[in-house]
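What follows is one structure encoded as structure tokens, with my remarks underneath.
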């Protein structure tokens with residue numbers, strides 16, 4: 001069994017977080033209070049916390065031809081899961097921060113990637129490698 005991570009992040013509305021994480025992404029909801037809610041994010045625990053600071057996630061860095069949100073989180077999926085998720089997001093008319101693409105094509109770190117944002121502006125990256133042995137390859 002792989003180790004699981006825990007990540008807490010700010011949101012402007014728990015109702016929006018529930019629709020996005022629970023509805024659009026299909027993450028089962030766990031414990032909750034009036035100030036936070038847990039979600040099962042592909043076996044990992046993420047926690048949406050109410051926050052009044054809506055500008056905490058606006059910085060970007062250049063990566064190849066793309067402006068990548070500096071603060072982001074995500075998960076590495078199998079290639080099939082990645083393609084299925086990309087299709088589901090397109091069908092749900094989710095706006096992409098970075099549309100589904102293959103980054104570093106032909107290089108050691110070649111990967112399928114896409115970025116979306118939740119209703120509070122938190123950036124999420126979903127990626128996949130054709131060969132998972134190359135996730136940390138240099």
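FYI, it's all coordinate maths here, none of it is from the lab. Note that this is a predicted model, so its numbers are computed, not measured. For neighbour counting, all protein chains shown are included, and Cβ atoms are generated from backbone atoms with ideal geometry for every residue, glycine included.
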*Inside region 67-89, can you point out the residues that are farther than 19 Å from residue 18 by Cα and either without any contact (Cβ under 8 Å) to a residue 40 or more places away in the chain or not in a strand (DSSP E or B) (or both)?*
67, 70, 71, 78, 79, 80, 81, 82, 83, 84, 86, 87
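Conditions (1) surrounded by 13 or more Cβ atoms within 10 Å (Cβ to Cβ); (2) without any contact (Cβ under 8 Å) to a residue 60 or more places away in the chain, marked per residue:
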residue	(1), (2)
99	yes, yes
102	no, yes
121	yes, no
133	no, yes
*All but one of (1) closer than 15 Å to residue 85 by Cβ; (2) out of contact with any helix residue (DSSP H, G or I) (no Cβ under 8 Å at 6 or more places or on another chain) hold for residue 27, so report the exception by its number.*
(2)
